Amino acid sequence: MIFGMLGSVLFNLADTYFLGRVGVNELAAMGFTFPAVMFVSSVAAGVGIGTASLFSRAIVVKKLSEVQRYSTSIFILALLVIVIFIALGLWTLKPLFRLLGAGEEIIPLIADYMTIWYWAVFLVVIPMVGNNMIRATGNMFAPGMIMVFGNVINIILDPLFIFGMGPFPEMGIKGAALATAISMGSTCILSLYILIKKERLLVLVWPVFKEMIDVWKQVLAVGIPAAMAILITPLSIGFITRILAGFGPDAVAAFGVVSRLEMFAFTLIYALGSVLTVFAGQNWSARKPGRLRKGINISAQFSLGLGLFFFVISQLFASGIASVFTDSKSVIEIAASYLTIVSFSYGFQGILMLCTSTLDGINRPLVSFSLSLLRMLVLYVPLAWLTSNAFGLNGIFWSAFTANLAAGTVAWYWLQKIISKQTTVIKQPEQKQEMLFAAK
């Protein structure tokens, strides 16, 4: 999973790097597209999390034929989601990005990218849902390798389509979108092949309507709160982007750079979180909270160590890292300032991410949603709005630092409390049995 997640981050960094060579406006356009791309991806991820939660709890107690019907029903749900988002995305394309603060000189670039990307939503959603089905069986290798394959294709095609190398025409930002669509198409084909031929989890038979609705309810019971929790991030980033737009295109471009750098920094956490969802679901159903606690404790220690590592790297090399993606001194200075301030809180942000993944796995999506709400809309956005006027860009960056630190701490204690409560519930029947045996 680490390799798969790393591939996803690297192709985002590749887009940022190559478009940074084209111009600041193209880089700013990518910064504006980030919330919209994250929004659609978050909805798909929510359906995927609901799928992983349902499958991880059912795969060991249900017959294969039942699981296959689950798969078919979930894919029908995914197709409905795809149609809705293609229609909404194309209909709101320009008004949405004007609302986010994009200038008229950047709107055409955004439209060039997002028009292609919206039509390719099918190729984004299907692998995301399908790979979660495969992961729920315990097979982490195949989804990871699928992601690696698609991202390698994307990285190869990016410069060919963006700059027009060899027989390919120069397409600029359109080329970045087309490269993404083709790479996602390859992952879609591989994911469906493994589901149908290898794992035999998907059958092309229309399910019974009543049963299909029941499966949808079970998936959405976890998926909707999980999607809402994930959607808080792009929604909040949209607000932050709007605030940053008041400081000019360079600030938005810098934020686009650091957003993708953060995706790279959290690659290991994303991978670990995807595993924890299944790990938590299986151990919770098996009534082994002690094993779950041990797993989350080790994961939290790892997150703090990783956060400390990136903090040190940021203090030493922030400007050099930012300069890889752009030649603009202003963009480099803003990005370096962000990394210097916010990086110390990365360990706590990682703990928050791992806790929410665990909570989704044990069927506590509303708690996960509350924690995400706390970090972004209760702390980050209001603090950024208040401090931006008084302290400028650094006020926004310190707001991110504060939100990560506070939300990570709360998430840790909340999850520990839930696990402790479950441990007590499990021990009570055992104690009653021991008392009865002693009496006899």
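The values are calculated or read from the model by the stated rules, or taken from the named source; none is laboratory data. Everything quoted here is computed from the prediction, not taken from an experiment. FYI the Cβ positions are ideal-geometry reconstructions off the backbone, even for glycines, and counts take in every protein chain you see. These accessible areas exclude ligands, DNA and RNA; they are computed on the full protein's heavy atoms, side chains included. Shrake-Rupley method; radii C 1.70, N 1.55, O 1.52, S 1.80 Å.
Per-residue counts of other Cβ atoms within 10 Å, averaged by peptide: what ranking do you get for 71-84, 176-189, highest first?
Ranking the peptides 71-84, 176-189 by packing returns 176-189, 71-84.
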_Theoretical ellipticity at 222 nm over the chain - DSSP helices of four or more residues, -39500 (n - 2.57) apiece, nearest 500_ = -29000 deg cm²/dmol
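So if R0 is 51 Å, what FRET efficiency would PHE209 and LEU373 give, r being the distance between their Cβ atoms, rounded to the nearest 0.05?
The formula returns an efficiency of 0.90 here.
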*For the range 258-402, with +1 on Lys and Arg beta carbons and -1 on Asp and Glu, the positive-most of VAL278, ILE334, PHE397 along the dipole*: VAL278
*Would you mind pulling out the separation of the Cα centroids of the range 316-331 and the range 134-155, in Å?*
31 Å
*So what's the convex hull volume per residue for the Cα atoms of the range 114-184, in Å³?*
68 Å³
_Students often get this wrong, so check it: of LYS174/LYS217; LYS217/LYS421; LYS197/LYS217, which have C-alpha atoms separated by over 29 Å?_
LYS174/LYS217
*Residues of the range 125-148 with amide N under 20 Å of a point placed 7 Å along Cα→Cβ from TYR193*: 125-135, 139-148
*Using a probe of 1.4 angstrom, how much of the accessible area of the chain is carbon and sulfur, in percent?*
70 percent
*Measure nothing fancy, just the Cα-based angle from helix 64-91's long axis to the longest principal axis of the chain, in degrees from 0 to 90, nearest 10.*
30 degrees
*asked:* Per residue, how large is the accessible surface of the chain? Use a 1.4 angstrom probe and give square angstrom.
replied: 43 Å²
*asked:* Between ASP327 and PHE149, what's the calculated FRET efficiency when r is the beta-carbon distance and R0 is 41 Å? Round to 0.05.
replied: 0.80
*asked:* Between 0 and 90 degrees, rounded to the nearest ten: what's the tilt of helix 249-265 against the longest Cα principal axis of the chain?
replied: 40 degrees
*Quick one: dipole size for the chain, taken about the Cα centre, charges +1 on Lys/Arg Cβ and -1 on Asp/Glu Cβ, in debye to the nearest 20.*
2020 debye
*When only C-alpha pairs under 8 Å and at least 6 residues apart count, what is the relative contact order of the chain, in percent?*
23 percent
